[in-house]
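Quick note: the coordinates plus some simple rules give every number you see, no bench work behind them. Not measured: the values here are computed from a predicted model. Cβ atoms come from the backbone with ideal geometry, glycine included; neighbour counts cover every protein chain shown.
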Amino acid sequence: MIVDVHTHIFPPEVCSNRADWFPGEEAFCLLYDSPRARLVDAEGLIAAMDENGVDISVTFGFPWKKADHFKKHNDYILDSVAKYSKRLRGLCCGDLFAEEAESEVERCLDAGLSGVGELAFYQSGIEAEGIERLKPIMAICRKRNLPVMIHTNEPVGHAYPGKTPNTLSQIYRMVSTFPENKIILAHWGGGVFLYHLMKKEVKQRFENMYVDTAASPFLYDPMIYKVAGLAAAPEKILFGSDYPLIRPQRYFQEMEAAGLLPEEKQKICGGNAVLLFNLKADGRAV
């Protein structure tokens, strides 16, 4: 079973009139101002899954600043998961600094979503104030044993829309603050997984940490699959396409180029996600 843990869908009205959603939403404008930045609805995602052989996708919206925006988007995620209950699992997303953030997480998880994410700090690093705002969200998810996905990225290299000024120290401090939470660090965790090799402290702090592969073909040589597997074990890697940014087949081709063993590919492409999200073969929770 192939599970894609990192996909984005948007309500049809956002897909067709994105500019209407730009005012007061600097991060959304930054990432989607260009018409080349694709937006898809649930039907578009399901079609791509069928074309690429993906059985189940974990999908979510955007960390809108305006509460009415993220509530509307979360409602669309809930409706889509209900409509495609065998194919989609959903995460709750929103702005951590919104007054309604905590109550919105409770509402969405009570309604059946499978965790929280992709939370992001697009206009700052993961600073102390952000970690403080994460605490009530992490407490809710820890109690329910549900994962939280955090946007991270490499702190070096070329600039691109959505690249945040996070540092490896900030990422490590955030994971260390919530060692009992199941945390998915998007985009290979900015490379922090390499420190899993350290003999003291770090390996224990990373016990419940996972990284996903989102945007990997744009950022890394295919050998990152082998390197990450050696540093942190294949059990810590989750296939995430960031669709519609990149089609899943590109990732599968890079896994082949990296020379992954069949059992390694099986874990990365779905086995690890099945365990993390407690999935049955038909996509429902165990």
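Averaging the sequence gap over all C-alpha pairs within less than 8 Å and six or more residues apart, then dividing by the number of residues, gives the range 135-257 a relative contact order of 22 percent. The DSSP beta bridges internal to the chain are antiparallel in roughly 5% of cases. If R0 is 41 Å, the Cβ-Cβ spacing of LYS72 and MET198 corresponds to a FRET efficiency of close to 0.40.
Pull out a ≥ b ≥ c, the square roots of the eigenvalues of the alpha-carbon gyration tensor of the range 199-286, then state rounded if a/c is under 1.5, prolate if not and a/b is larger than b/c, and oblate in the remaining case.
Oblate is the answer for the range 199-286, as a/c is 1.5 or above yet b/c matches or exceeds a/b.
Straight-line reach from LYS199: taking Cα to Cα under 24 Å and skipping same-chain neighbours fewer than 8 places apart, the lysines in range are LYS182, LYS226, LYS236. Of interest is the spacing of the C-alpha centroids, which for the range 63-94 and the range 236-266 amounts to 25 Å.
Please give the length that would be gained between PHE218 and GLU129 if that part of the chain were fully extended, namely 0.36 nm times their separation in residues minus their C-alpha to C-alpha distance (nm, one decimal).
Details: separation 89, 0.36 × 89 = 32.04 nm, distance 3.06 nm.
Fully extending the segment from PHE218 to GLU129 adds 29.0 nm.
Rounded to the nearest 0.05, what FRET efficiency is calculated for ASP20 and ARG144 with R0 set to 30 Å and r the Cβ-Cβ distance? Don't skip to the answer; put the middle values down first.
On the way: r = 35 Å, r/R0 = 1.15.
Calculated transfer efficiency: 0.30.
Taking the alpha carbon gyration tensor of the range 137-286, multiplying each eigenvalue by 5 and rooting it gives semi-axes of 22, 20, 16 Å, largest first.
Taking Rg and Dmax of the Cα atoms in Å as calculated from this structure, the corresponding entry among (1) 18.3, 52; (2) 17.4, 52; (3) 20.7, 68 is (2).
Helix-derived [θ] at 222 nm for the chain: sum -39500 (n - 2.57) over DSSP H runs of at least 4, divide by residue count, nearest 500?
On the way: 13 runs with 115 residues, N = 286.
It comes out at -11500 deg cm²/dmol, rounded to the nearest 500.
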